1. Quick one: count up the residues across region 459-485 that are farther than 30 Å from residue 426 by Cα, open to solvent by less than 10 Å² (accessible area, probe 1.4 Å) and outside any helix (DSSP H, G or I).
2. If residue 300 satisfies every condition in (1) in contact with a Pro (Cβ under 6 Å, 6 or more places away or on another chain); (2) surrounded by 24 or more Cβ atoms within 10 Å (Cβ to Cβ) but one, which is the exception?
3. Could you grab me the full set of residues in region 354-366 that are of a type in the set (A, V, I, L, M, F, W, C) and closer than 13 Å to residue 156 by Cα?
4. Identify all residues within region 459-469 that are within 18 Å of residue 301 (Cα to Cα) and in contact with a helix residue (DSSP H, G or I) (Cβ under 7 Å, 6 or more places away or on another chain); write none if there are none.
5. Would you pick out the residues in region 434-458 that are among the hydrophobic types (A, V, I, L, M, F, W, C) and in a loop (DSSP other than H, G, I, E, B)?
6. What pairs come up if the first residue lies in region 415-434 and is open to solvent by 30 Å² or more (accessible area, probe 1.4 Å), the second is in a helix (DSSP H, G or I) and of a type in the set (Asp, Glu), and their beta carbons are under 8 Å apart, counting only those six or more places apart or on different chains?
7. Could you please let me know if residue 360 is farther than 25 Å from residue 314 by Cβ, open to solvent by less than 20 Å² (accessible area, probe 1.4 Å) and either out of contact with any Leu (no Cβ under 8 Å at 6 or more places or on another chain) or in contact (Cβ under 8 Å) with a residue 40 or more places away in the chain (or both)?
8. Only one of 444, 413 is within 23 Å of residue 312 (Cα to Cα) and at pLDDT 95 or above. Can you tell me which?
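The values are calculated or read from the model by the stated rules, or taken from the named source; none is laboratory data. The structure displayed is predicted, hence computed values, not measured ones. Cβ sites come from the backbone with ideal geometry, for glycine too, and all protein chains shown count toward neighbours. Surface accessibility is based on the protein's heavy atoms, side chains included, excluding ligands, DNA and RNA. Shrake-Rupley method; radii C 1.70, N 1.55, O 1.52, S 1.80 Å.
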Amino acid sequence: MAAMGGLGLPCSSFKLSQHPRPSIIISRPPSSSSPRQHRASAVRMAVTLDEKTNENKSYSLRNSEEAFNIAKELMPGGVNSPVRAFKSVGGQPIVMDSVKGSRMWDIDGNEYIDYVGSWGPAIIGHADDEVVAALTETMKKGTSFGAPCLLENTLAELVISAVPSIEMVRFVNSGTEACMGALRLARAFTGREYIVKFEGCYHGHADPFLVKAGSGVATLGLPDSPGVPKAATSATLTSPYNDLETVKNLFDSHKGEIAAVILEPVVGNSGFIAPRPGFLEALQEITRKNGALLIFDEVMTGFRLSYGGAQEYFGITPDITTLGKIIGGGLPVGAYGGRRDIMEMVAPAGPMYQAGTLSGNPLAMTAGVHTLKRLRQPGSYEYLDKITSELIDGVIEAGKRTGHAICGGYIGGMFGFFFTQGPVDNFSDAKKSDTAKFARFYRGMLEEGVYFAPSQFEAGFTSLAHSFEDIKQTIAAAEKVLSQI
């Protein structure tokens, strides 16, 4: 098998230039058709793969446009997660056909170097041969049991041995579900209701988390989405990220009432924002002093900044940790875990109820086990650090050479950059970015065959499948685009 990414990790032998380009056959309904007929016609849309490629083909999204127009009649906004609709960058959303290693192909046959990685899970590369083979064998036994399986034990042991804060773990099906469980657990364990979250940190779409800070230094949260009742967010307190004084003031004004502080230890949902020196240590001290719990949302940073996540990287052990993405190897998964005395509050061991039909299903457990075992191989995180540093340094230098205000950073296989002078320490700083410029940059990079996250306010990800040639091509493309915008 061919080695990819410079680590000698086994991946499928394939030539990027010979990947078949898909052609699309779309049955469009007549304008007078009923919604039911329209849906039926969309089901008849077929993707076929041409035998030959056309290397001189100009960049086109005609097939994506036609497919997306049909999707808008079937799903709200044409997508199942809002950022995919390209609202913040404009232009035509892209409908993907296949992925392999560090690459993606859309249904028009365009090829991209991918820095989204399915929003983080694809840390060893897309469609890894060993993971796919293991999934194939597991599927022969069944896709879901609704009962315990040995694979749950295997993945639990791997997670517990890797993550410093986790002595027991509960598997769920998404990061949102993990954060919901962690919040309920913190309230059950402490007997308190209030939580502190940080502006710009995303913890899923559960009602208590859809809150942003008000105009004052610190305010009670107001719902950030229609349909969220004020009662659901009345116990959610907010603070700017990296702002210790506001956190201290919140604890002073709510003595004995705060159950937990929850945060992304490195923010990824406002772009890449790292904690200031001493920030995480101070949060740990404040929560311990006041009898509250510290929750690290490591859905994004877990197993990405280091094998033990952000908490291992920074040397800070929280009370509860939430995980997702990487621990499922690309399949739907989530988890929350922590100290044994806290986790024994969870049913059936304790009174705090939480359950899930597909939790711990054998497919997600299989993909997670094989992904984590790959990450344990020597040199994995050193390689991620090396290629990511080369990428972000190259993009920022290209931006400065072409006269743009730009800043950014990285840790391990996670990175981000902003079109602003910086520094960026919180969401308010991030919002100073030139989002119109980012949109032009983004669309230009698509035409050059590079796929970043379609928002200025999302982190990017590298993988073990990315090669130094991928990085070199990306930097060259960035300089070309930056010199034109």
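1. Counting residues in region 459-485 that are farther than 30 Å from residue 426 by Cα, open to solvent by less than 10 Å² (accessible area, probe 1.4 Å) and outside any helix (DSSP H, G or I) gives 1.
2. Failed condition: (1).
3. Listed by number, the residues that qualify are 364, 365.
4. Answer for region 459-469, where residues must be within 18 Å of residue 301 (Cα to Cα) and in contact with a helix residue (DSSP H, G or I) (Cβ under 7 Å, 6 or more places away or on another chain): 461, 462, 463, 464.
5. Across region 434-458, the qualifying residues are 452, 453, 457.
6. 422/429; 423/429
7. Numbers: farther than 25 Å from residue 314 by Cβ: yes; open to solvent by less than 20 Å² (accessible area, probe 1.4 Å): yes; either out of contact with any Leu (no Cβ under 8 Å at 6 or more places or on another chain) or in contact (Cβ under 8 Å) with a residue 40 or more places away in the chain (or both): yes.
For residue 360, the condition - farther than 25 Å from residue 314 by Cβ, open to solvent by less than 20 Å² (accessible area, probe 1.4 Å) and either out of contact with any Leu (no Cβ under 8 Å at 6 or more places or on another chain) or in contact (Cβ under 8 Å) with a residue 40 or more places away in the chain (or both) - is met.
8. Step by step, each of 444, 413 is checked, and only 413 is within 23 Å of residue 312 (Cα to Cα) and at pLDDT 95 or above.
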